[in-house]
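The values are calculated or read from the model by the stated rules, or taken from the named source; none is laboratory data. Quick caveat: nothing in here was measured; it's all calculated off a predicted structure. With ideal geometry, Cβ positions are generated from the backbone for all residues, glycine too; neighbour counts draw on all protein chains shown. With ligands, DNA and RNA removed, areas are computed over all heavy atoms of the protein, side chains included. Shrake-Rupley method; radii C 1.70, N 1.55, O 1.52, S 1.80 Å.
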Amino acid sequence: MLEHAGAPRPDTAASQEPRVLGERYRLEAVLGRGGMATVHRAHDLLLGRDVAVKVFPAVHDGADDLARNRAEISVLATLSHPALVTLHDAGTVHGADGSQQVYLVMELVEGSTLAERLRGGALGAEQAALVGRDVAEALAVVHARGIIHRDIKPANILLTRADALDGGRGARPVVKLADFGIARLAGAARLTMTGMTLGTMSYLSPEQATGGPLAPASDVYGLGLVLLECATGRPAFSGTMAEVTSARLVSSPAIPDDLDPRLGDLLSRMTRLAPEDRPSAGDVAQDLAAILDAPSGATLALPTVPLAVGPAVGPEPASATRWRRVRSARVGLVTGAAVLLAVGALLVGQVAAGGGAPPEPPSYPAVEGTLGESLIQLQESVAP
């Protein structure tokens, strides 16, 4: 995905791209470059304003890349919210060889990315809440249109200005959500190769990591990880690809005990393993707005869903105890299987991509009894 680069740098590929697109947009410094596109600062010669122009590589008609580029235009054209980067225009450059180069003209956001800001350390609880409120409100609009972003990460969240997070609760929004390059309609056919997982591994939801069906809850999980990183100054999951993938399949990220209690409960709910157990983006926005509306210095513990309490009963029958143990073992086996299969798939993919010997497989904690024996057999069966 595209990584915003902050300060402009010289365009080393200027000779390979038209200097003026559509006889209107004069390309200037490169703001960011990624595997899918290059973003330029540009000047609109017709309206006399500076804009950002996202230029995709030239492709031939019918290619998946071209379909994905056009899909991004369709997605952005339907969305409007102050915390979403606004699409101004779009066009196509036709090459002599029959190729087509799509470009998007968007509003120019002067601030850096949230990723760059986090290199300087964690944010305060109020600053994290400001970021989360704006992104959650934008996602609520996106999800209402049946669209899933699929790549919520700090590099895709732009500060509206350099000091956007330093002015308290004043001007809104403080951030804008960008890069809908791999967004898709909920339930729609993929625009990528079968089985390919798109997104940034450190911020994928468990269902994304395993290639399962996606829903708006996947974006909520990603935002939860982003806000947890804002509050702690470090990613919730780190390590090798296999370690990062397997970690999120067995447990939710750890919420530090010293984290502001106003955020702790919300982040734990946003990052639950089961998508149906997470709040909606709209609910997240409301909870964060409640935090920000509280009196300065007040501690606001957001309401949690109470556990159902049934009538008092006597000792649990022995048969029920045995069933609970069996069910617990089965749940553990299924979880372990999911982890090993995911790691095995990643190792096979690394061998196929790199052509070399697979890395040493990660070690797993010992599990006693029949469950442990089953996990060892399963690990051996997926070893490359």
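Below are the figures for this structure:
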{"read-out": "Qualifying residue in region 261-268 (condition: within 21 Å of Val141 (Cβ to Cβ) and in contact with an Asp or Glu (Cβ under 7 Å, 6 or more places away or on another chain))", "value": "yes"}
{"read-out": "Selection count where residues are within 15 Å of Ala129 (Cβ to Cβ) and open to solvent by less than 40 Å² (accessible area, probe 1.4 Å), scope region 247-268", "value": "8"}
{"read-out": "Count of residues meeting criterion [open to solvent by less than 10 Å² (accessible area, probe 1.4 Å) and farther than 15 Å from Ala285 by Cβ] in region 209-221", "value": "2"}
{"read-out": "Some residue of region 54-70 being of a type outside the set (D, E, K, R), at pLDDT 90 or above and under 27 Å from Gly146 (Cα atoms)", "value": "yes"}
{"read-out": "Leu159 being in contact with an Asp or Glu (Cβ under 8 Å, 6 or more places away or on another chain) and modelled with pLDDT of 85 or more", "value": "no"}
{"read-out": "Selection count where residues are more than 17 Å from Glu72 (Cβ to Cβ), at pLDDT 90 or above and either in a loop (DSSP other than H, G, I, E, B) or of a type outside the set (A, V, I, L, M, F, W, C) (or both), scope region 1-40", "value": "6"}
{"read-out": "Positions within region 41-71 being open to solvent by 30 Å² or more (accessible area, probe 1.4 Å), part of a strand (DSSP E or B) and touching a Phe, Trp or Tyr at 6+ places or on another chain (Cβ under 9 Å), in sequence order", "value": "His43"}
{"read-out": "Number of the exception - Asp287 against (1) of a type in the set (Asp, Glu); (2) at pLDDT 95 or above; (3) open to solvent by 70 Å² or more (accessible area, probe 1.4 Å)", "value": "(3)"}
{"read-out": "Filter result for Ala318 (more than 27 Å from Asp219 (Cα to Cα), at pLDDT below 50 and not polar (S, T, N, Q))", "value": "yes"}
{"read-out": "Hits in region 191-212 - residues which are modelled with pLDDT under 85, of a type outside the set (Gly, Ala, Ser) and in a loop (DSSP other than H, G, I, E, B)", "value": "Leu191, Thr192, Met193, Thr194, Met196, Thr197, Leu198, Thr200"}
